[in-house]
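Okay, so here's the structure we're looking at.
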Amino acid sequence: MKVLRVEVPRPAAAPSYDVVIGRGALARLGEFAAARAPAHRYAVIADSRVAELYGEAALASLAGEGLDALLLPFPAGEWNKTRETWADVLDGLLEAGLGRDAAVIGLGGGVTGDLAGFVAATFLRGVPVVQVPTTLLAMVDSSVGGKTGVDAPAAKNATGAFHHPAGVLVDPDVLVTLPPFQLRAGLAEPVKMAAMRDAEFFAWIAERADGLAAAAGADGVAAGADGVAAGATDELEALVGRSVAAKAAVVAADPLERDLRAVLNFGHTVGHALEALSGYSLVHGEAVAFGMRVEARLGELVGCTAAGTADAIGRVLDACGLPAEPDPDWTVERILAAARADKKSRRGAIRWALPARIGEAARDGAGAHTVELPTDELPALLGAALRTCAEVPDSPA
C-alpha cells in the first residue's frame, strides 16, 4: 500500500490525514475507518449504482471489524447533488438514530464525496468523514482537500463547507466497473494539475495519454469487459499517486483556498459554467477539459500565457480522448452570466486561474495566483478564445 500524508496546518481547524492507495484496499475499509474515524455507528453514503456494486462489500468489511454500519443510497447523477438530496440524507441519519458519536463514509465518485462530506460537516454541527472514491476523477482530485457541497440551479457547489476527511482510502481495482467515458473524463484533472504545477508530470501524462485513453476504450480500442482494459490498473494507480501527491502539496500550503490553491481552478471557471448551463448533464471532466482549452487561449490573448501553451494542453486532451466539440447554446453571454454566479467571483469580477506556461501558474501584479481581466473587454476576449477552440456564437449585440 502507498501512503501519502496531507498536512493541514492551523488555522484550518482540521487534522492532517492519510491517503492510502492500494489494490484491494476496499476490503480493509473496516480496519481503516476504525483507526482513522472511530465511531459508535457509521453511515455509508453511496449513489444507487455504487451502492449496488460495492455497498455490500463495504458493509461486510465494516462488520468484519465489529463496526455497526448502515447504507444510505441516493439517486445517481450530478443532477441529484442538490440541497434536497442533502436534506433527505440528513433526515435519514436522524431517523436511523445516529448521534454525534457517528461517522460518515462517502463511497463513490465526486458527487458522492461532495455530498457525503457536506452531510458530515453539517450533521449535528459536524462528524468525521472517510472518503472512499470509486471514480478516477474522485481519486485524483475531489476526495482530497476537504471541499464539500451541493449544487444550485444557477451554480455548481453553491452551498458547501470545507470539511477535511479523517482519511481517504483508494482502491484502483474498483475502476474496472467505471464506464469508459467516466474514466476518460477523470483524466482531465491530472492534466490540469500538471499544467499548472508540474511540467515533468505533464510530460509524463503526455507520454502515456494514448495508453490511458485506450484503457478506457477511446478511439475504437476495446476496453476490458467492465471498462478498464486488462493490465491498465497499474498505470492508473501510478497516475493517482502522482496526482494526489501534487494536490496534497497545494492543500498543505493553502487548505482554505486563500491564494495558491486557486490555481486548481484552471478550466473550472468556464467548465462550471458549462455544467450549470447543461443542467448538470455534462460530465465534470469533459466540461473542465473544454474549459482548459478555452481558458488557455484566453490567457494567450491577454498575454498571461506563453504562446503554444494552449496547443500543448489541447494535444494532451485530444490524446486522452476528451472531446473539444462545443454545444451551440454555449454563447459568450450565457457563459459569462453563469461564471459570474460562481463562487470564484470577487466583488462582481471573475478571477481567472491561468497558466503562465506548462507547469507554472500566471500571477497578477500583486503576486496573487489568479488574475482579473478587463471587464469591458472580457466578452470580446472570451468570444475570440471560444472561436479559436471551435466555432461558438457570440452574444447578440
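The values are calculated or read from the model by the stated rules, or taken from the named source; none is laboratory data. Just so it is clear, the structure is predicted and the values come from calculations on it, not from any experiment. Please note: Cβ atoms are built from the backbone with ideal geometry, for glycine as well, and neighbour counts cover all protein chains shown. Surface accessibility is based on the protein's heavy atoms, side chains included, excluding ligands, DNA and RNA. Shrake-Rupley method; radii C 1.70, N 1.55, O 1.52, S 1.80 Å.
Structure summary
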{"item": "Residue, farthest from VAL130 (Cα to Cα), within region 6-31, restricted to residues that are modelled with pLDDT of 95 or more and more than 23 Å from the chain's Cα centre (by Cα)", "result": "ALA27"}
{"item": "Whichever residue in region 242-268 is closer than 15 Å to ALA361 by Cβ and basic (Lys, Arg) and, among such residues, is modelled with the lowest pLDDT", "result": "ARG258"}
{"item": "Which listed residue, of VAL104, VAL132, VAL140, VAL89, is within 22 Å of GLU7 (Cα to Cα), more than 15 Å from the chain's Cα centre (by Cα) and open to solvent by less than 40 Å² (accessible area, probe 1.4 Å)", "result": "VAL104"}
{"item": "Residue check, ALA307 at pLDDT 95 or above and open to solvent by 40 Å² or more (accessible area, probe 1.4 Å)", "result": "yes"}
{"item": "Qualifying residue in region 341-363 (condition: in contact (Cβ under 8 Å) with a residue 40 or more places away in the chain, open to solvent by 40 Å² or more (accessible area, probe 1.4 Å) and more than 29 Å from ALA203 (Cα to Cα))", "result": "yes"}
{"item": "Breaking point among (1) in contact (Cβ under 8 Å) with a residue 60 or more places away in the chain; (2) crowded, with 24+ Cβ neighbours inside 10 Å; (3) within 22 Å of VAL316 (Cα to Cα), for ALA287", "result": "(1)"}
{"item": "Positions within region 73-102 being of a type in the set (A, V, I, L, M, F, W, C) and either modelled with pLDDT of 95 or more or not in a helix (DSSP H, G or I) (or both), in sequence order", "result": "PHE74, ALA76, TRP86, ALA87, VAL89, LEU90, LEU93, LEU94, ALA96, LEU98, ALA102"}
{"item": "Any hit, region 296-315, residues being in a helix (DSSP H, G or I), in contact with a Phe, Trp or Tyr (Cβ under 8 Å, 6 or more places away or on another chain) and farther than 21 Å from ALA203 by Cβ", "result": "yes"}
{"item": "Neighbours by Cβ (under 6 Å, 6+ apart or cross-chain): first from region 119-132, without any contact (Cβ under 8 Å) to a residue 40 or more places away in the chain and of a type outside the set (S, T, N, Q); second assigned to a helix (DSSP H, G or I) and open to solvent by less than 10 Å² (accessible area, probe 1.4 Å)", "result": "PHE123/LEU93"}
{"item": "Single condition ALA337 does not satisfy, out of (1) surrounded by 15 or more Cβ atoms within 10 Å (Cβ to Cβ); (2) under 22 Å from GLY186 (Cα atoms)", "result": "(2)"}
